[in-house]
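K.L.:
To start, I am sharing the structure in question, which I have written as structure tokens.
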Amino acid sequence: MRGSSRGWTPSRGRVTRSRLDLSRAILFNAPRLPPSTNAIRRAFADSIAAKRAFVREHARTLALVGDLLAERFAAGSKVLLFGNGGSAADAQHIAAEFVNRFVIERPPLPAIALTTDSSALTSIANDYGYADVFAKQVRALGRGGDVAIAISTSGTSPSVVRAVEACKKLRIYTVGLTGGDGGKLRGKVDHLLNVAASRETARIQETHILAGHVLCQLVDEKLYGGKTRQ
């Protein structure tokens, strides 16, 4: 019996090898995931590099703009912000930090994103063309001594450029958050904060929102000492 059973009962070693071969076959034939970790690390490295280059070039300008914003808020003026697409979202984000709060508890500060009134935006675009959607609102809401923060990753967006031109006529201070070579805004704004180290829209926008947060922090520190105040 023992001799006859050897012909059909597999040994434990053979079963183990068979399972191992099956596992290898499954792994070999399974779809391979892309080497995404390198792309992830590269994106983070590029973002860090853009921010480092930006602060080396613009730390002094950021401080000057922080002083300007604090001075104009203290004088009762307001901030107008505008941009398109992701830059529109950045405009709304920064405005919300001023109106609500950034980190500390403090009085609300007057800031308006000109990207939020869909009725105004669509009626202006329909009647006069999209290039006027921010300029008309600037003429309606802006006053001399206000500050405008114009956001355009290329610096060439017609609606943003035209709004800056309207600001100049009203003697509204202008700050440009741009990328690349700064585009048309380079020669039009009072203070240029340009992300020159990257041509990628995502890396430029990531630097823009950090710059916006730093400006909010500077205003909190200059007006309220960075301390909680109701």
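K.L.:
Determine whether N100 is within 22 Å of the chain's Cα centre (by Cα) and of a type outside the set (A, V, I, L, M, F, W, C).
P.N.:
Values: within 22 Å of the chain's Cα centre (by Cα): yes; of a type outside the set (A, V, I, L, M, F, W, C): yes.
Yes; evaluated as a whole, the condition is true for this residue.
K.L.:
Looking only at the range 156-194, filter to residues that are charged (D, E, K, R) and touching a helix residue (DSSP H, G or I) at 6+ places or on another chain (Cβ under 8 Å); which one of those is nearest to T115 (Cα to Cα)? Let's see the steps before the verdict.
P.N.:
Going residue by residue through the range 156-194, those that are charged (D, E, K, R) are 162, 165, 168-169, 171, 181, 184, 186, 188, 190.
From the residues that got through so far, the ones that are touching a helix residue (DSSP H, G or I) at 6+ places or on another chain (Cβ under 8 Å) too are 162, 165, 184, 188.
On the way: R162: 15, E165: 18, K184: 21, K188: 21 Å.
Among those that are charged (D, E, K, R) and touching a helix residue (DSSP H, G or I) at 6+ places or on another chain (Cβ under 8 Å), it is R162.
K.L.:
Considering every residue within the range 178-186, establish whether at least one is of a type in the set (G, A, S), farther than 19 Å from D67 by Cβ and in a strand (DSSP E or B). Steps first, answer last, please.
P.N.:
We begin by selecting, within the range 178-186, every residue of a type in the set (G, A, S); these are 179-180, 182-183.
Pick out the ones that are also farther than 19 Å from D67 by Cβ and you get 179-180, 182-183.
Still in the list and also in a strand (DSSP E or B): 179.
Scanning the range 178-186 turns up at least one residue that is of a type in the set (G, A, S), farther than 19 Å from D67 by Cβ and in a strand (DSSP E or B).
K.L.:
Can you tell me which residue within the range 187-210, out of those that are part of a helix (DSSP H, G or I) and touching a Gly at 6+ places or on another chain (Cβ under 6 Å), is nearest to E97 (Cα to Cα)? Quick ask: steps written out before the conclusion?
P.N.:
Here is the first cut: in the range 187-210, the residues part of a helix (DSSP H, G or I) are 187, 201-210.
Subsequent filtering for residues that are touching a Gly at 6+ places or on another chain (Cβ under 6 Å) retains 204-205.
Working: I204: 20, Q205: 17 Å.
Top of the filtered list is Q205.
K.L.:
Of the residues S118, S157, S87, which is surrounded by fewer than 14 Cβ atoms within 10 Å (Cβ to Cβ), farther than 17 Å from Q217 by Cα and at pLDDT 95 or above?
P.N.:
On the way: S157 fails: surrounded by fewer than 14 Cβ atoms within 10 Å (Cβ to Cβ); S87 fails: surrounded by fewer than 14 Cβ atoms within 10 Å (Cβ to Cβ).
Testing whether each residue is surrounded by fewer than 14 Cβ atoms within 10 Å (Cβ to Cβ), farther than 17 Å from Q217 by Cα and at pLDDT 95 or above leaves just S118.
K.L.:
Kindly provide the set of residues from the range 121-137 that are over 13 Å from N84 (Cβ atoms) and either in contact with a Pro (Cβ under 9 Å, 6 or more places away or on another chain) or surrounded by 12 or more Cβ atoms within 10 Å (Cβ to Cβ) (or both), ordered by number.
P.N.:
Taking the range 121-137 and keeping what is over 13 Å from N84 (Cβ atoms), we get 122-124, 126-129, 132, 135-137.
T122, S123, I124, Y128, G129, D132, A135, K136, Q137, listed by residue number.
K.L.:
If G155 passes every condition in (1) under 18 Å from H208 (Cβ atoms); (2) part of a loop (DSSP other than H, G, I, E, B); (3) in contact (Cβ under 8 Å) with a residue 40 or more places away in the chain but one, which one does it miss?
P.N.:
Exception for G155: condition (3).
K.L.:
Of everything in the range 47-73 that's under 13 Å from L210 (Cα atoms) and charged (D, E, K, R), which residue is surrounded by the fewest Cβ atoms within 10 Å (Cβ to Cβ)?
P.N.:
Per the stated criteria, the residue is R52.
K.L.:
Within the range 101-145, count every residue that is more than 22 Å from V214 (Cα to Cα) and without any contact (Cβ under 8 Å) to a residue 12 or more places away in the chain.
P.N.:
10
K.L.:
Within the group E200, E206, which residue is of a type outside the set (S, T, N, Q), in contact (Cβ under 8 Å) with a residue 24 or more places away in the chain and over 16 Å from G83 (Cα atoms)? Break it down into steps so the answer makes sense when it comes.
P.N.:
Values: E206 fails: over 16 Å from G83 (Cα atoms).
Of the residues listed, the single one that is of a type outside the set (S, T, N, Q), in contact (Cβ under 8 Å) with a residue 24 or more places away in the chain and over 16 Å from G83 (Cα atoms) is E200.
K.L.:
Another question, if that's okay. Given the structure, is I124 part of a helix (DSSP H, G or I), touching a Lys or Arg at 6+ places or on another chain (Cβ under 8 Å) and over 30 Å from S198 (Cβ atoms)?
P.N.:
Working: part of a helix (DSSP H, G or I): yes; touching a Lys or Arg at 6+ places or on another chain (Cβ under 8 Å): yes; over 30 Å from S198 (Cβ atoms): yes.
So I124 passes the test.
K.L.:
So which of I172, I104, I112 is among the β-branched types (V, I, T) and either over 23 Å from E71 (Cα atoms) or crowded, with 23+ Cβ neighbours inside 10 Å (or both)? Steps first, please.
P.N.:
Working: I104 fails: either over 23 Å from E71 (Cα atoms) or crowded, with 23+ Cβ neighbours inside 10 Å (or both); I112 fails: either over 23 Å from E71 (Cα atoms) or crowded, with 23+ Cβ neighbours inside 10 Å (or both).
Only one candidate qualifies: I172.
K.L.:
Test of understanding: among R199, R229, R162, which residue is at pLDDT below 95, under 20 Å from A89 (Cα atoms) and of a type outside the set (G, A, S)? Full working, then the answer.
P.N.:
Working: R229 fails: under 20 Å from A89 (Cα atoms); R162 fails: at pLDDT below 95.
Within the list R199, R229, R162, the selection yields R199.
K.L.:
Only one of R72, R60, R41, R56 is out of contact with any helix residue (DSSP H, G or I) (no Cβ under 8 Å at 6 or more places or on another chain), touching a residue at least 40 places away in the same chain (Cβ under 8 Å) and not aliphatic (A, V, I, L, M). Can you tell me which? Reasoning before the result, please.
P.N.:
Numbers: R60 fails: touching a residue at least 40 places away in the same chain (Cβ under 8 Å); R41 fails: touching a residue at least 40 places away in the same chain (Cβ under 8 Å); R56 fails: touching a residue at least 40 places away in the same chain (Cβ under 8 Å).
Residue meeting the stated conditions: R72.
K.L.:
Kindly check whether there is at least one residue in the range 158-169 that is within 24 Å of T207 (Cα to Cα) and not in a helix (DSSP H, G or I).
P.N.:
no
The values are calculated or read from the model by the stated rules, or taken from the named source; none is laboratory data. Given the structure is predicted, the values throughout are model-derived calculations rather than measurements. Cβ atoms come from the backbone with ideal geometry, glycine included; neighbour counts cover every protein chain shown.
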